[in-house]
Amino acid sequence: MSVVFEKPHSLCDVNLHYCPGCTHGIIHRLVCEVIDEIGIEGNTVGICPVGCSVMAYDYFNCDMIEAAHGRAPATATGVKRARPDLMVFTYQGDGDLAAIGTAETVHAATRGENIVVIFINNTTYGMTGGQMAPTTLPGQVTQTTPFGRDPKVQGYPIRVCEMLSTLSGTALAQRVAVDSVPHINEAKKAIRKAFENERDEKGFSIVEVLSTCPTNWGLSPVEALERLRTDMIPYYPLGVFKDCDAKNPKEEK
Amino acid sequence: MERNLMKGNEALAEAAMRAGCKCFFGYPITPQTEISAYLAKKMQANGGVFLQAESEIAAINMVLGASATGTRCMTSSSSPGISLKSEGISYIAGSDLPCVIINVERGGPGLGGIQPSQSDYWQATKALGHGDFQLLVFAPASVQEMVDMVVKAFDKADEYRMPAMILADGLLGQMMEPVTFPEISVEQKPKPWACDGTKMKRKHNIINSLYLQPETLENSNISRYERYKKIKETETDAEIYLCDDAEIVVTAFGATARVAKSAVNTAREQGIKAGLFRPKTLWPFPVKEINEACKSAKNVLSVEMSMGQMIDDVKLALECRIPVSFFGRTGGVIPKPSEILEEIKKLGGAE
Ligand SMILES: Cc1ncc(C[n+]2csc(CCOP(=O)(O)OP(=O)(O)O)c2C)c(N)n1
Ligand code: SF4
Ligand SMILES: [Mg+2]
């Protein structure tokens, strides 16, 4: 009998605490498949954020560090600078990465810190019960924007990949989604490319994954996937915003 | 052994490298800049890392990451920067990670000033961040002690898996004195808890300060405090000077203790039975030692470059059996020996 489907070795054999229909789990699996395929589990250190994935240290089988809210890129920098032989990745939500940790994110990128950042954009603060995130869409109702996000009052959402793509230290800035099989396959390719970049010492790679939060969006899992397609992708277009391997004459050396 | 004439900050930086510090992360601030400048020049040639972070917050979290791999690492700052680091220090303590933090204090609160101060005593010994935790706090009073204490800080931080702080001030950082560097064995104990890759040979290590079960968090704090208990019993250190028959004991730490010492000497010349108690560890506070020093004291005078912070620990240690008064200058003003002598005389030393 041949094995057609298996749990990746680098994914711990435990129940995940995520809500039904939450796509955090899919993204964990993709990261682990890539870690297994490249064969780096024994040499990898992951950094957890503060957010719904705060306990991801119980899910990834490699060595794991829990960082303070938003500080994962700085913590990852410390690991990588101390031990450049280790593969280092962070796994961060939008509040973590693009609000409280904006400075750490931007500076890790501009230093060309040789790490992988997996960025989970679910347009909300999942863990604290669905408040406005820096990525919350205009008009989106959250606990702290009960009348919908009004750009005149709360400003505009941040497009993280576009912003980081302007920095010379960024090797890869790509936005993917996990709402459909083709998108999931695309997402895995991007994650794999990010880890290969790190292995090949190309610099800072970020993969932004559009993700669902059915619980705080007040939608069923299926409706949540639909919202991702109809509301999020138009505002956050999928694609590669920076790829150091693509020839671009304007790019500084 | 070779003697070198060096600035306090530079001597400390050199000693840190010799103690096996392989990573330094910092953000510029006066009056500690010489530490960064020295390490920026020397770290790489020493097989280490120097990195200027985007903020003190980033720097301390870089320290957390480097320490988690089992690497000896350090950050340095001055008062306002230490406030920013306090979040990270709490996480480091909660994660049971060792590291060394230098605070070359300046006057506060707020942006304060850039002249020497000791007004971060409370912060260092009582509340460097949220939660139940302590730091080892060493208070050097000479350039030689900047060297010796930083070496000790690295060893003790590793031994007890906790952050250690050198609480210095602008005066010590800038002053030049001859120093010798001790022979240091680079042999460090293995750190089986480190996140340095499982190599597929062990279970994954997790460095973490999150415990959602109240009982688990309580137990983690209790076991940390058991270590603290042992530290309080074994790691206190103090200088006791002319206290055998002293009726007035002056208590002071760091640079202030040097000024106080000269006041005590003059008092003795004038026939006043004065002595000096100088804690070298601020946490743990040398309770046994101060009681020993004050056995014949009728009055105690706490002299500090602050509005009066260590005086709380002096009173607690003496259980208020002896009256304790205070003299301090703050905001960057350094107390003069004559001012301290004046205070000693006020306490009845003038016959
Ligand atoms: C310093 C600090 N501020 C605030 C919090 C509370 N907090 C926990 S998670 C979180 C937001 C997480 O949102 P996000 O990063 O988007 O992750 P998600 O839960 O959506 O995956 C906040 C504000 C905290 N833990 N620490
Ligand atoms: S709150 Fe939202 S992001 Fe968090 S686990 Fe539930 S669905 Fe996922
Ligand atoms: Mg979020």
So in the stretch A:207-216, with the set limited to residues that are more than 11 Å from ligand 3 (Cβ to nearest atom) and of a type outside the set (A, V, I, L, M), which one is most open to solvent (accessible area, probe 1.4 Å)?
A:215
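Counting only residues that are open to solvent by 10 Å² or more (accessible area, probe 1.4 Å) and more than 9 Å from ligand 1 (Cβ to nearest atom), which one in the stretch A:105-136 is nearest to the other protein chains (Cβ to nearest Cβ)? Full working, then the answer.
If we filter the stretch A:105-136 for residues that are open to solvent by 10 Å² or more (accessible area, probe 1.4 Å), which is where we start, we get A:106-107, A:110-112, A:114, A:122, A:125-129, A:131-132, A:134.
If we keep only those that are more than 9 Å from ligand 1 (Cβ to nearest atom) as well, we get A:106-107, A:110-112, A:114, A:129, A:132.
On the way: A:106: 8, A:107: 4, A:110: 9, A:111: 8, A:112: 13, A:114: 13, A:129: 16, A:132: 22 Å.
The selected residue is A:107.
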Name the pairs: first residue in the stretch B:167-193 and more than 30 Å from residue B:80 (Cβ to Cβ), second residue open to solvent by 10 Å² or more (accessible area, probe 1.4 Å) and in a strand (DSSP E or B), Cβ to Cβ under 9 Å, at least 6 apart or on different chains?
B:178/B:4; B:178/B:5; B:178/B:6; B:180/B:4; B:181/B:4
Residues A:228, A:238: which one is touching a Ser or Thr at 6+ places or on another chain (Cβ under 7 Å), among the aliphatic types (A, V, I, L, M) and surrounded by 15 or more Cβ atoms within 10 Å (Cβ to Cβ)?
A:228
For residue B:199, only one of the following conditions fails: (1) open to solvent by 10 Å² or more (accessible area, probe 1.4 Å); (2) under 18 Å from residue A:66 (Cβ atoms); (3) within 13 Å of chain A (Cβ to nearest Cβ). What is its number?
(2)
Counting just the residues of the stretch A:41-59 that are out of contact with any Phe, Trp or Tyr (no Cβ under 8 Å at 6 or more places or on another chain), more than 7 Å from every other protein chain (Cβ to nearest Cβ) and not β-branched (Val, Ile, Thr), which one comes out most open to solvent (accessible area, probe 1.4 Å)?
A:58
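Take the stretch A:67-90 and flag every residue that is open to solvent by 10 Å² or more (accessible area, probe 1.4 Å) and either at the interface with another protein chain (Cβ under 8 Å from one of its Cβ atoms) or without any contact (Cβ under 8 Å) to a residue 60 or more places away in the chain (or both).
Just the residues of the stretch A:67-90 that are open to solvent by 10 Å² or more (accessible area, probe 1.4 Å), to begin with: A:69, A:71, A:80-85, A:87.
Scanning the stretch A:67-90 gives A:69, A:71, A:80, A:81, A:82, A:83, A:84, A:85.
Being at pLDDT 95 or above, under 18 Å from residue B:33 (Cα atoms) and surrounded by fewer than 24 Cβ atoms within 10 Å (Cβ to Cβ): is that true of residue B:84 here?
For residue B:84, the condition - at pLDDT 95 or above, under 18 Å from residue B:33 (Cα atoms) and surrounded by fewer than 24 Cβ atoms within 10 Å (Cβ to Cβ) - is met.
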Answer residue from the stretch A:57-71, given it is near ligand 1 (Cβ under 10 Å from one of its atoms) and small (Gly, Ala, Ser) and is nearest to residue B:207 (Cα to Cα) among those
A:68
Picking from B:129, B:108, the residue that is more than 12 Å from chain A (Cβ to nearest Cβ) and either surrounded by fewer than 24 Cβ atoms within 10 Å (Cβ to Cβ) or under 20 Å from residue B:307 (Cα atoms) (or both) would be B:108
Among (1) crowded, with 24+ Cβ neighbours inside 10 Å; (2) more than 14 Å from every other protein chain (Cβ to nearest Cβ), there is one condition residue A:141 misses while meeting the rest; what is its number?
(1)
Listed by range, helices (runs of 4 or more DSSP H) wholly within the stretch B:243-337 having at least 2 residues that are open to solvent by less than 10 Å² (accessible area, probe 1.4 Å) and under 26 Å from residue B:128 (Cα atoms) are B:254-269, B:310-318
Which condition breaks for residue B:19 when tested against (1) closer than 23 Å to residue B:187 by Cβ; (2) within 14 Å of chain A (Cβ to nearest Cβ); (3) open to solvent by less than 10 Å² (accessible area, probe 1.4 Å)?
(2)
Just give me the residues in the stretch B:22-39 being within 14 Å of chain A (Cβ to nearest Cβ) and open to solvent by 10 Å² or more (accessible area, probe 1.4 Å), in sequence order.
B:22, B:27
Does residue B:16 qualify as being under 17 Å from the mean Cα position of the chain (by Cα) and among the aliphatic types (A, V, I, L, M)?
yes
The stretch A:91-104, residues that are near ligand 1 (Cβ under 7 Å from one of its atoms) and either aromatic (Phe, Trp, Tyr) or open to solvent by 10 Å² or more (accessible area, probe 1.4 Å) (or both):
A:93, A:100
Extreme residue, nearest to the other protein chains (Cβ to nearest Cβ), among residues of the stretch B:40-57 that are surrounded by fewer than 24 Cβ atoms within 10 Å (Cβ to Cβ) and in a helix (DSSP H, G or I):
B:44
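If I go through the stretch A:95-104 residue by residue, how many of them are within 13 Å of another protein chain (Cβ to nearest Cβ) and either among the hydroxyl-bearing types (Ser, Thr, Tyr) or touching a helix residue (DSSP H, G or I) at 6+ places or on another chain (Cβ under 8 Å) (or both)?
5
The values are calculated or read from the model by the stated rules, or taken from the named source; none is laboratory data. Fair warning: this is a prediction, and the values are worked out from it, not measured in the lab. Counting neighbours? That spans all protein chains shown, and the Cβs are built from the backbone with ideal geometry, glycine included. Side chains are part of the model used for accessible areas, which takes the heavy atoms of the whole protein and leaves out ligands, DNA and RNA. Shrake-Rupley method; radii C 1.70, N 1.55, O 1.52, S 1.80 Å.
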